[in-house]
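Structure record follows, encoded as structure tokens.
None of the figures in this text is laboratory data; all of them are computed from the coordinates on show. The model shown is predicted, which means the values in this text are computed figures rather than measured ones. Note that each Cβ is placed from the backbone with ideal geometry, even for glycine, and that neighbours are counted across all protein chains shown.
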Amino acid sequence: MAGVVDDDPTPIESRDQLLAYFQEGATPREDRGVGTEHEKFVFLRRECGLVTHGGAEGIETIFERLAEQYDWEPIWEGDIMIGMTRGDAAISLEPGGQFELSGGIKKTVHGTSDELDEHLRELEDVAGDDVKMVSWGMNPFVDPEDVPMMPKQRYDIMRAYLPARGKLAPWMMKTTCTIQANFDYMSESDATDLMQTALLVSPIVSAIFANSPIRDGEVTGMQSDRGYIWTETDPDRTGWPDFMYRDDWGYGDYLDFLLDIPMFFIEREGRLIPKTGQTFRDYLNGGSGRYEPTMADFKLHLSTAFPEIRLKQYVEVRGADGGPAEQILGLPALWKGILYDDSARKRARDLLDGIDPDDHRQLFHDVYRDGFQAEGPDGTVGELADELIEISADGLRSLADEQNLDVDETGYLRPLRQIVTSRRTLADELRDMFLETGGDCERIVDEWAFF
């Protein structure tokens, strides 16, 4: 599922070729898996500042130690180490140095739990004594101007382009973290049903995982400021596309959405070549200059589209703020119970099925501000979250029987159920600690750090 965009030099010769890319992603029911991605801020505790790429305690040193001690393979951009791979997992850097693990494909969340434990043990072993890793939806302490940009070509191009498209794009790039989960689809109809169901219930999931109430040292009154920031990043490539609310859409509609998104770049011989100012459709229709459009170009372009629910050769759900380990495991468990069990998927869909698309988009905004107190069509989002947790738990129990699991995956929902039952989010916890400590960065980082 998650991983590094591969270098496929196959020329693009037809629309059918691009549609076939999605068709080839179909996975038999018995082979479906779960992938989990999560980002972390990397702090120097003594200064409560962010770790830079270079230096004795920098990101590159962490990479070098992972390669030497734990067999991770470096990813190079010129002579700069910008990421790592091992098996079907990858480590990458977001623009502000957020440290991301794109996990391997696991049959169960138990496998994800083992992967997370291993990842955190390795990081604790190789990071300097003063390095702390922590995840919230947003770094509460910094302005993006104070965050050094990671030395990756793609981020230089994005930094030059995105601020003209959305006033909060620099905040998204440098100050936010998320947890994402990836799911297989069995066919085109399964993919569209899975994606539409996920889109409908995503505001509820965003409320459960809300964890970004502070921006640059100021309490904002938001539950998920990260979610709101994405709405002010780039309207061409983010949000909730109209076609996803229709019952008759398919791969062709998603492809048209992609083709009409302005490009960032293509890659040739290890160098990124800016292509801002033209859509991918323009690029295919004679705007490629001296470069022949390839499937590698298409796959790279796919990675620069950021709708709430994203289609690749799997489906990616993107609506959760970053958080501690129990949230990293709770997210794939919650979504697995909803999306992989047929009865649970229908019940989840029914929670908001038939909602007007404009009302649904407004619900996202209301959740970003008010969390569980936001009003849905038939009650509060908190009440909907009560139902969604139970739907997922029923789905996970059914899937445990189907997969012959000795231990089902409902235990990963317990921290989420506590949040929903109490109506007290991680955003509430972080806001209260921030106010009680007077914004003491060192104390807050210590309290929330993975290690």
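What to note about this one:
- Distance distribution P(r), the stretch 185-231, all Cα-Cα pairs, bin width 10 angstrom from 0: 25, 35, 23, 13, 4 percent.
- In Hz, Karplus ³J(HN,Hα) per residue of the stretch 441-451 (6.51, -1.76, 1.60; θ = phi - 60°; x = Gly, Pro): 4, 4, 5, 5, 4, 4, 5, 9, 5, 5, 7
- Between the listed residues 223, 304, 34, the Cα displaced farthest toward the positive end of the dipole of the chain, a dipole computed from Cβ unit charges relative to the Cα centre, is found at 304.
- Compactness check for the stretch 31-136: Cα Rg over 2.2 N^0.38 Å is 1.06.
- ³J(HN,Hα) computed for each position of the stretch 236-251 - Karplus, 6.51 cos²θ - 1.76 cosθ + 1.60, integer Hz, glycine/proline x: 5, 10, 10, x, 9, x, 3, 5, 5, 8, 7, 8, 10, 8, x, 4
- Beta-bridge orientation, the chain: approximately 95 percent antiparallel, per DSSP, counting only bridges with both partners inside.
- Put in order of Cβ neighbour count within 10 Å, fewest first, the listed residues 398, 187 become 187, 398.
- Under the criterion of Cα pairs below 8 Å and six or more residues apart, the relative contact order for the chain equals 21 percent.
- Sequence ranges 352-358, 178-184, 40-46, 201-207, ranked by mean other-Cβ count within 10 angstrom, highest first: 201-207, 178-184, 40-46, 352-358
- Distant-in-sequence amide contacts of residue 186, defined by a placed amide H-H separation under 5 Å and a gap of 5 or more residues or a different chain, comprise 27, 191.
- Distance cut-off 44 Å, percentage of C-alpha pairs in the stretch 15-448 lying past it: 6 percent
- Overall, the stretch 15-448 carries a charge dipole of about 860 debye about its Cα centre when +1 sits on the Cβ of Lys and Arg and -1 on the Cβ of Asp and Glu, all other atoms neutral.
- On the beta carbon distance between residue 7 and residue 403, with R0 = 51 Å, the FRET formula returns roughly 0.90.
- Per-residue ³J(HN,Hα) for the stretch 373-386, Karplus 6.51 cos²θ - 1.76 cosθ + 1.60, θ = phi - 60°, Hz, x for Gly and Pro: 7, 4, 8, x, x, 9, x, 7, 5, x, 5, 5, 5, 3
- Cα gyration tensor category, rounded, prolate or oblate, for the stretch 359-451 with a/c compared to 1.5: oblate
- 5 Å binning of all Cα-Cα separations within the stretch 227-282, expressed as whole percents from 0 upward: 4, 16, 19, 19, 19, 13, 6, 2, 1
- In units of the rule-of-thumb radius 2.2 N^0.38 Å, the stretch 146-300 shows an alpha carbon radius of gyration of 1.19.
- Loop-located trypsin sites (Lys or Arg not before Pro) in the stretch 261-300 (DSSP state other than H, G, I, E, B) with a sparse environment of at most 16 neighbouring Cβ atoms within 10 Å: 290.
- Over 24 Å between alpha carbons, listed pairs 40/346; 107/152; 40/106; 152/275: 40/346; 107/152
- Dividing the helix sum by the residues of the chain, where each DSSP H run of 4 or more adds -39500 (n - 2.57), gives a mean residue ellipticity at 222 nm of -13000 deg cm²/dmol.
- Annotation: amide H-H contacts under 5 Å for residue 138 (H modelled 1.01 Å from N, sequence separation of 5 or more, or interchain): 177.
- Other-chain or far-sequence residues with amide H under 5 Å of residue 405's (modelled H): none
- Annotation: extensible slack from residue 64 through residue 442 equals 133.4 nm (criterion: 0.36 nm per residue apart, minus Cα-Cα distance).
- Annotation for the stretch 124-160 versus the stretch 181-223: alpha-carbon center distance of 23 Å.
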